[in-house]
Amino acid sequence: MGTGSSSAGSPAMGRILQTAESEKDVHADKALAEHRFTHILLTVRDSGPGLDPKGLDRLFNAFYTTKPKGMGMGLAISHSIIEAHGGQLWAKVNTPRGAVFHFVLPIHEKRMS
């Protein structure tokens, strides 16, 4: 995924550990210890005014905004930070209203020297 783009599908990035609906569904530390997951996927969805499907290709561009007093920097900065850490960020329309944002980050094993 390049800068300023979005993807309608999920990334093909090896095995992914998805977030759960509740804490009892997944104990991330135990899952990571037992399995060799390479990435973690986080999803945030809301039921607000939503996204214009025609604007998804510009959503992460700097200075793109649909808000009257928006600067258009929040999603651009988020996108840059996630990509700088080897991840991907994309958005979809949440039917019947709202937005869904997904991001994937690699899981790196911490090693003590």
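Each value in this text was obtained by applying a stated rule to the coordinates, not by laboratory testing. On a predicted model such as this, the values are computed, not experimentally measured, just so you know.
What residues have an amide H closer than 5 Å to that of ILE107, excluding those fewer than 5 places away on the same chain, when H is modeled at 1.01 Å from N in the peptide plane?
HIS39, ILE40
Once phi is turned into θ = phi - 60°, what whole-Hz ³J(HN,Hα) does the Karplus curve with 6.51, -1.76 and 1.60 give for every residue of the range 44-52, x standing for Gly and Pro?
10, 10, 9, 10, x, x, x, 10, 7
Read phi for every residue in the range 58-71 and hand back ³J(HN,Hα) as whole Hz from Karplus 6.51 cos²θ - 1.76 cosθ + 1.60, θ = phi - 60°, with x for Gly and Pro.
For the range 58-71, the Karplus curve yields 10, 3, 9, 6, 4, 6, 7, 8, 10, 8, x, 10, x, 8 Hz.
Quick check: residue separation of ASN61 and VAL93 times 0.36 nm, minus the Cα distance between them. What number comes out in nm? Please list the in-between numbers first.
On the way: separation 32, 0.36 × 32 = 11.52 nm, distance 1.74 nm.
That works out to 9.8 nm of additional length.
Want the number for VAL100 to THR43: 0.36 nm per residue separation, take away the alpha-carbon distance, what's left?
Net length gain for the segment: 19.8 nm.
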